[in-house]
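What follows is a single structure, written as structure tokens, with notes after it.
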Amino acid sequence: MIHFDLAISYKWEYDEEFVNLIEEIFQKDGLKTFIIRELNLPETIELLKKKRLNFKAYLDRASDEDQNFVPISNFLSRRKCYIINPHNKTKRIVDKSRMHKKLVKRKFQLPQTIVLPPFSFHPQLPIEETQINDLRKPFIIKPSLISGGGEGVIRNASSLLEIQEERKRNRSEKYLVQEKIYPRIIGTHRAWFRVFWAFDKAIPTWWDDRTHIYNCVTQEEIKKHNLLSLIRITARLARITKLDYFSTEIALTKEHKFVLIDYVNDQCDMRLKSNHPDGIPDDVVIELIESMKKKIITL
């Protein structure tokens, strides 16, 4: 049987630079990596079936968009392989309506929110004008499941008609109607953050919600602007979700309230800032990979 420390599957072309960087960092320390693409997927499944191939850990960045990769996780879950962010954990947290209820019970600071059932289940709009007036206009309309990367999110809604149109557009989808949060300004930054949980640590970044541009948050900035809650909130999310890595969006208001905006994103876009203007700072990606390496070494 051939043994590898980490197997990685992926399909998205922009994942290639992330995967290449993982291989470079792991192999520098003598760890063996194995890449699974569409081209070698059938062969890999066959080798796993015949127990000729074994992985210590598996990072799956393919099966969420291609069901043909699902058998890999199925085989490995029955063996002594550490599956990073296994499906049985992620499926419980990707539904924003379910997570919202859970986070309300845990007393997280969240936007004022109305959760609506799917149009297919309840065609009549179960919300009145007075309720959206309480949210203040404009407000946010957000699908519960299909809003990765902001997909399907209406950021400046102002009417019941817009809500109903979105419900009709995706009839089996639950929707969150939320108040719009306005961050304070700190220096040249909007106080809007994307924080990455990297196996055992929180890595905060400035993230402009309008331009999607990232910048690193320094330790000096954390102390100077009293931003330690970014780390505490993300660590609490990690304990609840039990995920190895994810990102979350947090906004800091003028009243210095840390509001959780986009609860948990389990398939982070890991494009590098050195190659893409709206990519993640390279140092952050490297820190996440180093944390993953440390985790796998200690398994």
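Quick check: residue separation of Lys137 and Val104 times 0.36 nm, minus the Cα distance between them. What number comes out in nm?
9.6 nm
Describe numerically, in nm with one decimal, the distance between label points set 7 Å from Cα along Cα→Cβ at Gln112 and at Thr188.
Computed distance between label sites Gln112 and Thr188 equals 3.6 nm.
What is the diffusion coefficient of segment 185-268 in µm²/s, taking the Kirkwood radius over Cα pairs and the Stokes-Einstein relation at 20 °C with a viscosity of 1.002 mPa s? Provide the component values of the computation, followed by the final result.
Values: Rh = 12.8 Å.
Approximately 168 µm²/s, per Stokes-Einstein.
Taking the dipole about the Cα centre of the chain, with the C-beta of Lys and Arg at +1 and of Asp and Glu at -1, give me whichever of Gln124, Ile181, Gln67 is farthest to the positive side.
Gln124
How far, in nm, would the chain grow between Glu65 and Lys50 when pulled straight, counting 0.36 nm per residue and subtracting the alpha carbon separation?
Here the segment from Glu65 to Lys50 would lengthen by 2.8 nm.
Show that you can apply the helix-only estimate: for the chain, add -39,500 (n - 2.57) for every DSSP H stretch of four or more residues, divide by all residues, and state [θ] at 222 nm to the nearest 500.
Numbers: 10 runs with 100 residues, N = 299.
-10000 deg cm²/dmol, from helical runs alone.
What spacing in nm lies between the two simple spin-label points modelled at Glu16 and Cys216, each 7 Å away from Cα in the Cβ direction?
Placing both labels 7 Å beyond Cα along the Cβ direction yields 2.8 nm.
Run the simple label-point estimate for Arg169 and Ser77 please: 7 Å along Cα→C-beta, distance reported in nm.
Rounded to a tenth, the inter-label distance reads 3.3 nm.
Can you check what the Kirkwood hydrodynamic radius comes to for segment 2-84, Cα pairs only, in Å to one decimal?
Averaging 1/r across every pair of different Cα atoms and inverting gives 12.8 Å.
Over its Cα atoms, what ratio of radius of gyration to 2.2 N^0.38 Å does segment 112-179 give?
Compactness ratio reported: 0.99.
In debye, nearest 20: dipole of the chain around its Cα centre with unit charges on the Cβ of K, R (+) and D, E (-)?
My answer is approximately 1460 debye.
Work out the length of the dipole vector of segment 109-266 about its Cα centre, built from +1 on the beta-carbon of each Lys and Arg and -1 on the beta-carbon of each Asp and Glu, and round it to the nearest 20 debye.
Roughly 280 debye for segment 109-266.
Each value in this text was obtained by applying a stated rule to the coordinates, not by laboratory testing. Keep in mind that this is a model prediction, so the values were computed, not measured. Don't worry about glycine lacking a Cβ; one is built from the backbone with ideal geometry, like all the others, and counts go over all protein chains shown.
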